[in-house]
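Down below is the structure, laid out as structure tokens.
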Amino acid sequence: MAEFGSFAVVLALTFCSYAMFALFYGAKTGRRDLVKSGEHAVYVVFGFVTCAVVALEALLLRSDFSIEYVAGYSNRDLPVFYKVAALWGGQKGSLLFWSWILTMYGALVALRNRRYAGKLIPYTLGVLCVTSAFFLLLNTFAANPFERLAMDHGDGVKHAFAPPDGKGLNPLLQHPAMVIHPPMLYLGYIGFVVPFAFCLGALLTRELGSGWIRMARRWTLTAWLFLGTGIILGGRWAYVELGWGGYWAWDPVENASLMPWLTGTAFLHSVIVQERKNMLKVWNVVLILATYLLAIFGTFLTRSGIVSSVHAFAQSSIGTYFVVFLILMGAFSIYLVLTRLEFLKSDNQLDSYASREASFLFNNLILLAACFAVLWGTIFPVISELIQGEQVTVGAPFFNRINVPIALFLLFLTGVGPLLAWRKTSFESMRRIFMWPTIVGLVIAGVSLALGTRSVYAMISFGLAGFVTTTLVSEFSRAARARRRNTGEGMLAALVGITATNKRRYGGYIVHFGFVLLMIGFTGQAFTTEGWGEVKEGERFTIGHYEFECLSIADVEDPNFVGMSATVAVYRGGRKLATLAPERRHYAASDQTTSEVRIHHTLAEDVYVVFSNVNEETGKAVMQVWINPLVQWVWIGTVVIVMGTLVTLLPNRRERAVTRQKEMVERLLAESEKVAS
């Protein structure tokens, strides 16, 4: 099975190389037969990589410890659920999984545009194959997950070796969120390769109008959705698994996933201006190129081992491959942009700073400022180590000091943008449309101050949340009332109707409301209370307005681990709210100990309990507790953002009609080419 998997990867690389040649050369020379052959090769590449993935999964499920990867990331007692997830639990397997998703995207692009008769799609598929070939090259020569274990018995000859059991999957990864989080993150990271390929295809063909943007829009939204969801799922995993009371630590690998999401968000807003006003062409090209390069850079950070992180893999030589690839792709992208500047001129100029296109531009500048701040804070320790030989730590205070004001300004623009008109908004119109949202925002900020909020940023955040929510409600309300007058529908039917009629606009508003909920959840961190207690069975301790009683301490045994569990009752005002059972586990296969936290959730706040250890001298259980206000709104906001994005992804009737017409024209062109040949 291992030989089958290795051979499948080699064949995939071979066919991928052929696909690159056939697509680029066929498009350049106008050889439609060669282009079609290249498209078919794209499907074959996906098929071979799928075979390799199935082979590695079979080896993991069979516990074939003669394979180095299986012995390093699985063990006999590991649940099947996590044996499947071990595919992406280590560096080599995750790179193969990465190649599989990347070639799947290539096959889907080819399938979706199989009737396209122009040059853009062949060049786009060719660019996708370039990235696929790079990762398949890694799978073949630098990170082969099918390598067998071997041992030198002193005779200078390597002999096959299979240990009786494997080291097992990292205990921190043995959580349901980690089965979903990495695939989501990969689908987002890799998904941005598709709009990048469309962009590079447009640059190569000089077809730099809005056509490539329309073709890439849903791919971009899909990648943005997956990456954002993956980031939040990672935060959820950190919150319930790492036992430190938080969900975002500005870890280098966390930052690596955030950066392409920020530039991708800027791109999604900026393309609206190009489609509507035919402006910001250079800006949009640069944004999507930066998003792609940041996605590859994030992969490099995760897998090279140059940064210390609980999310990162061990140090590896593949970092050199990534650096070379980044330099080559970056240099080629810059060359294409500089040589195509005459095709990237805007047809219109910014008429007024009090306009919707100006708000999009400000939004982009702020997002890029946030991205640069995160990038600098992430790579500064590496730079300092290279120059001074000493790594300087950049912690959460640096990132919070810069990004909290930026996030608040973004929240403000989220409310301002929908109310501004295109080209120019008069002062009288601005006064009228902003009056009520401003009043609501000021009232909420005042109420939060009266209730004891002393953090200026928290008070501003609550006020802006009220401001933005009012603007979004007014937008939905105004459109629904107009529809009711025209159709006689009820209010709910009218709301559904306006959303169905303009899914892109109102789906975007739903996403903006989800961002408001996220900001409310983030603001709760300003009010976190932390403490600890050391108790025997029957004893109590108090933290904040909660009281905790240790009911029992018991041993826990499982085929995969052993440990201790403390049963704790949570009281407030004398009333029992919940019984929690945090655990302390030791995994023999990997010789690692973890804390399994338990949380009592409410919309107002979470009670977060960690069983740290047992004091050997006193025999008392040491408990750490965090009272985390408003955390649930982070997860609720994420669900709202996902729902809004799904609405936005749904095609409108007019779009479907235009697509059908284009497909008909492309089919007729293809048929005429066949007749001519």
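The values are calculated or read from the model by the stated rules, or taken from the named source; none is laboratory data. Just so it is clear, the structure is predicted and the values come from calculations on it, not from any experiment. Please note: Cβ atoms are built from the backbone with ideal geometry, for glycine as well, and neighbour counts cover all protein chains shown.
Key figures for this structure:
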item	result
Qualifying residue in region 520-529 (condition: more than 30 Å from residue 613 (Cβ to Cβ), among the small types (Gly, Ala, Ser), surrounded by fewer than 17 Cβ atoms within 10 Å (Cβ to Cβ) and modelled with pLDDT of 90 or more)	no
Among residues of region 571-622, those that are more than 20 Å from residue 556 (Cβ to Cβ) and of a type in the set (Asp, Glu), counted	3
Failed condition for residue 137, given (1) surrounded by 21 or more Cβ atoms within 10 Å (Cβ to Cβ); (2) assigned to a helix (DSSP H, G or I); (3) not small (Gly, Ala, Ser)	(1)
Sole residue being touching a residue at least 40 places away in the same chain (Cβ under 8 Å) and not hydrophobic (A, V, I, L, M, F, W, C), chosen from 5, 30	5
Condition met for residue 94 (among the hydroxyl-bearing types (Ser, Thr, Tyr) and either over 23 Å from residue 188 (Cβ atoms) or surrounded by fewer than 23 Cβ atoms within 10 Å (Cβ to Cβ) (or both))	yes
Subset of region 503-541 that is in a helix (DSSP H, G or I) and in contact with a Phe, Trp or Tyr (Cβ under 6 Å, 6 or more places away or on another chain) - its residue that is nearest to residue 637 (Cα to Cα)	517
Top-ranked residue of region 604-632 - restricted to ones that are closer than 19 Å to residue 569 by Cβ and of a type in the set (Val, Ile, Thr), ranked as modelled with the lowest pLDDT	614
Flag if residue 385 is assigned by TED's automatic domain parsing to the domain that holds residue 370 and not hydrophobic (A, V, I, L, M, F, W, C)	yes
Residue in region 380-394 that is buried (at least 17 other Cβ atoms within 10 Å of the Cβ), over 23 Å from residue 466 (Cβ atoms), at pLDDT below 90 and under 23 Å from the mean Cα position of the chain (by Cα) present	yes
Residue within region 403-417 that is more than 24 Å from the chain's Cα centre (by Cα), closer than 28 Å to residue 297 by Cα and in the same structural domain as residue 277 (by TED's automatic domain parsing) present	no
Criterion violated by residue 345 - all others in (1) within 25 Å of residue 302 (Cα to Cα); (2) at pLDDT below 90 satisfied	(1)
Yes/no for residue 46 being without any contact (Cβ under 8 Å) to a residue 60 or more places away in the chain, out of contact with any Pro (no Cβ under 9 Å at 6 or more places or on another chain) and either in a loop (DSSP other than H, G, I, E, B) or assigned by TED's automatic domain parsing to the domain that holds residue 107 (or both)	no
Out of 588, 581, sole residue that is within 36 Å of the chain's Cα centre (by Cα) and free of Cβ contacts under 8 Å to residues at least 24 places away in the same chain	581
